[in-house]
Amino acid sequence: MPETGVLAYAVLGSLGLLLVLLVRGRTPPALLFTVWATVYYLCGLVDQRAFLSGFTNPALATLVLLMMVSIALERAPILDRVADAIVRGGPGGAVLRLSAVVAPLSAFLNNTALVGALLGVVTRQRRLPPSKLLIPLSYAAILGGTMTLVGTSTNLVVSSFAVNAGLPALGMFQFAWVGVPVALGGIAVLVWCARWLPANQGDEGSTGQAYFLEARVLPDSPLVGRSIEANRLRRLEGLFLAEILRGGRLLSPVGPQEIIAAGDVLIFSGETRNVQALRQFSGLEVFGAQADELLRSNLVEVVIASQSTLANRTLREVDFRSLFDAAVVGIRRGDKRLTGQLGTIPLHVGDCLLLAVGPDFHQHRNIDRNFHVLGGSLQRPRLSRSQSRLALGGFAAVIGLSALGWVALLDGLLVLLGVFLATGLLSAGELRRRFPFELVLIIGSALSMASALEASGAAALMAKAVVRMFGGWGAMGALIGVYLVTVALTELITNNAAAALAFPLALSSAAAFGADPTPFIMVVAYGASACFLLPFGYQTHLMVYSPGRYRYVDFFRIGLPLSLVYGLCVLLLVPRVFPFYP
């Protein structure tokens with residue numbers, strides 16, 4: 001085997017290992033991509049200039065500026081004004097109105113920020129069960145993001161790969177010719193499938209799909225030495241004593257004659273509104289504080305954000321009270337029944353936390369980065385009418401001038417960010433707290449890795465495999481193969497990581513047939529956004545997973561028909577809008 005072949009297979013093997021680690025999810029993707037890019041550089045697969053240029057790519061800089069500008073746009077009150085009208089009527093009509101609002105907004109606003117802004121509104125309303133609306137909210141944001149260059153970070157990432165490969169940057173509305181019909185077809189599927197969405201309202205008698213709570217029995221508690229039945233712990237309205245943790249042993253199920261001992265950790269499941277029932281018992285400690293004292297505090301329900309520093313860490317590992325002036329009373333993760341001890345459970349993005357907050361909670365500057373607030377008295381400061389006009393008008397002007405080709409998008413966003421800082425719509429502190437370091441590392445490293453795949457011949461090997469499998473149908477067969485590979489990757493890992501791994505395959509497949517690379521590049525962009533089957537492949541799915549109390553099968557039931565219609569539309573339209581041969 002020639003030396004280049006050995007090198008190509010070695011690089012493919014390393015990519016396989018990277019994919020396994022990404023799927024396992026125990027190591028942050030930013031760290032993995034940075035390590036892989038660094039190793040490729042040290043091994044001589046990427047020269048110094050190519051390695052560093054990945055982090056200074058104009059499209060990457062544009063993406064960062066867009067995310068910084070979006071921080072101010074998130075606070076515009078337009079979303080509050082339309083939210084009440086969205087949820088009127090039956091589920092089908094509500095899903096149609098929700099999608100008709102969210103998809104166009106998502107074409108220009110960051111979809112994560114958009115879902116975060118509507119998440120609390122949809123969850124708190126009582127006209128319809130939130131579970132009837134939250135999956136459509138997430139899916140509509142994805143569909144809308146496919147319509148423009150700035151609709152999702154994935155489109156800008158793919159554009160950055162194209163520029164790095166010496167190809168023209170993708171245009172602002174180049175995506176719309178396929179994205180708009182695809183979004184309309186997807187919304188039709190969501191409305192049709194609305195009947196299949198669960199109605200997880202959380203009725204009065206339900207103890208399933210509830211918060212995971214724990215309380216420690218103090219040595220001087222009057223509960224010690226008495227049975228569960230005698231202490232009336234079996235008769236709590238809306239709370240169910242599921243387990244007792246005693247001396248490292250988990251007692252489950254708990255019988256009525258079980259005697260309470262000092263130091264026992266009582267593990268309950270129950271609804272948010274019933275947590276106050278614990279106040280009647282003296283000598284109970286709820287995660288470091290007396291139950292009666294802690295539960296007098298304001299209770300706030302939050303969702304762990306995708307960029308939170310709490311992800312994959314336990315409450316024991318972080319000084320939660322000092323960080324946020326709050327104590328965790330309970331945890332909820334979709335419909336899963338958590339077990340063990342509260343402080344030893346690794347937190348996941350999308351977990352719901354029930355917090356007993358202190359008076360300084362709303363003043364902590366790290367709240368927005370770590371949480372989406374669902375309930376409680378915390379309200380983010382909204383822009384005034386004049387500030388909203390400035391923010392939205394300025395952003396619309398930048399998009400319009402860029403679409404006309406009069407001003408480069410990077411230049412326009414840079415000026416707009418300066419205006420926001422000068423007028424006080426944004427502060428330097430907000431930019432520091434919300435700067436997307438992880439995304440910069442992933443994309444910058446992925447650009448270097450793409451160069452290594454090309455230089456080593458690994459990309460050509462992948463393209464040959466696609467040609468062998470789908471080559472009987474010519475360039476169209478290869479296009480289908482590239483799309484399917486991209487969709488499989490985005491379901492297993494993150495959308496941006498999927499685009500990074502699939503892009504070299506797209507270029508090599510186009511070269512193998514002597515075709516224009518544009519249709520192959522576009523199916524990578526659309527395929528990387530086609531995450532509809534599993535909740536952990538896309539961050540907005542994780543955001544709605546626990547508030548909607550969903551199961552994995554709920555995403556699959558709605559996502560399968562949507563994924564099929566989406567893929568069929570993309571594969572039919574892309575070759576017509578972007579021909580293989582001039």
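The values are calculated or read from the model by the stated rules, or taken from the named source; none is laboratory data. Here the structure is a predicted model, which means the values were calculated and not measured. Here Cβ is always computed from backbone atoms with ideal geometry, including for glycine, and neighbour counts include all displayed protein chains. In case anyone asks, the SASA skips ligands and DNA or RNA and just uses the protein heavy atoms, side chains included. Shrake-Rupley method; radii C 1.70, N 1.55, O 1.52, S 1.80 Å.
Amide H to amide H, with H built 1.01 Å from N, Ala242 comes under 5 Å of Ile267, Phe268, Ser269, counting only residues 5 or more places away or on other chains. A prolate overall shape is assigned to region 404-492, the ratio a/c of its alpha-carbon gyration tensor axes (a ≥ b ≥ c) being 1.5 or greater and a/b exceeding b/c.
Packing around the peptides 111-119, 318-326, taken as the average count of other Cβ atoms within 10 Å per residue, puts them in this order, highest first: 111-119, 318-326. Where does helix 458-470 land angle-wise versus the long Cα axis of the chain, in degrees 0 to 90, nearest 10? So the inclination is approximately 90 degrees.
Taking all protein chains together and a 1.4 Å probe, the residues Lys464, Lys336, Lys132 rank Lys464, Lys336, Lys132 from largest to smallest accessible area.
Only helical runs count toward this figure. For the chain, summing -39,500 (n - 2.57) over DSSP H runs of n ≥ 4 and dividing by all residues gives -17000 deg cm²/dmol at 222 nm. In degrees between 0 and 90, to the nearest 10, how far off the longest principal axis of the chain does helix 552-577 point, with axes built from Cα atoms? It works out to around 20 degrees. Amide hydrogen proximity for Leu426: with H placed 1.01 Å from N in the peptide plane, the residues at 5 or more positions away or on another chain lying under 5 Å are Leu421. Using only Cα coordinates, the Kirkwood hydrodynamic radius of the chain works out to 25.4 Å. Packing here is the average count of other Cβ atoms within 10 Å per residue, and on that basis the peptides 411-418, 492-499, 307-314, highest first, run 492-499, 411-418, 307-314. Heavy-atom accessible surface of Phe513, to the nearest 10 Å², is about 50 Å², with a 1.4 Å probe and all protein chains retained. Packing, as the average of other Cβ atoms within 10 Å across residues, places the peptides 40-52, 248-260 in the order 40-52, 248-260, highest first. Helix 153-164 and the longest principal axis of the C-alpha atoms of the chain enclose an angle of approximately 30°.
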